[in-house]
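The structure appears right after this line, and notes come after that.
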């Protein structure tokens, strides 16, 4: 049912010294509600919200709320205190981490290796790691063209190439690779809703070339959109011994486990993740940021 914020409530927001109108509802897909006393009022695009507002995002909904020059993106259903979201985001940013920079281009791989398909009638799990050349020529060419477009900064063209690659995919593993790159492209364009929709559909085996990047990308999107419980659970499914990772990427995984865990009420797990991160390389930029973050949680 459509609900509007009451005129009296708006007058109270403007008149009361304890409220400051700091948020603007820039984009809503589905339903976002604002706590109004003992009830809830639907938020519409363009509505102004107080800094201490409590909002509720419905199932299959998405919202972007701006404050100053920054934006809060909500991608998963739940109830959120906006002031706490600002604090959580600032806490990580102040630690010196680059986690919230949105520089997803680092997840573009030079070469993509798929290992879960049929190679000469044998499942790739039983075969040696193979290059992208094993894929159907249409899919391989389209993914290659999409990656080249991404590296050139042509995200619209890249999205078209990856979407077509998905259409030409011969099996779920080819589909998943196309979905990963579709998610990456959407993230680079700032469309977290489409990015997560694509990544949610992907089925990524732990011996896939982009296994680690998939976890980094989806984990970052979940953390940045404050889906801490889901991010913590998802990132803890990551197998450090699988896929293709580097010490730096493994540290980033542990950092996101720490951030999501500390905000999901899992402080001990967060501290443990930071300790593992530091043990990998105590002098890295990520380790330095993690040490600062550890002092704050």
Looking at the stretch 284-297 only, could you name the residues that are in contact (Cβ under 8 Å) with a residue 24 or more places away in the chain and part of a helix (DSSP H, G or I)? 285, 286, 287, 288, 289, 290, 292, 293, 294, 296
Being under 30 Å from residue 85 (Cβ atoms) and touching a helix residue (DSSP H, G or I) at 6+ places or on another chain (Cβ under 8 Å) is true for just one of 203, 214. Which residue is that? 214
Of the numbered conditions (1) surrounded by fewer than 24 Cβ atoms within 10 Å (Cβ to Cβ); (2) more than 20 Å from residue 179 (Cα to Cα); (3) at pLDDT 95 or above, residue 237 fails exactly one; give the number of that condition. (2)
The lone condition residue 118 fails out of (1) buried (at least 16 other Cβ atoms within 10 Å of the Cβ); (2) at pLDDT below 90; (3) within 30 Å of residue 146 (Cα to Cα); (4) not assigned by TED's automatic domain parsing to the domain that holds residue 295 is (1)
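The values are calculated or read from the model by the stated rules, or taken from the named source; none is laboratory data. Every value quoted in this text rests on a predicted model; they were computed, and no experiment measured them. Glycine gets a Cβ as well: all are built from the backbone with ideal geometry, and neighbour counts include every protein chain shown.
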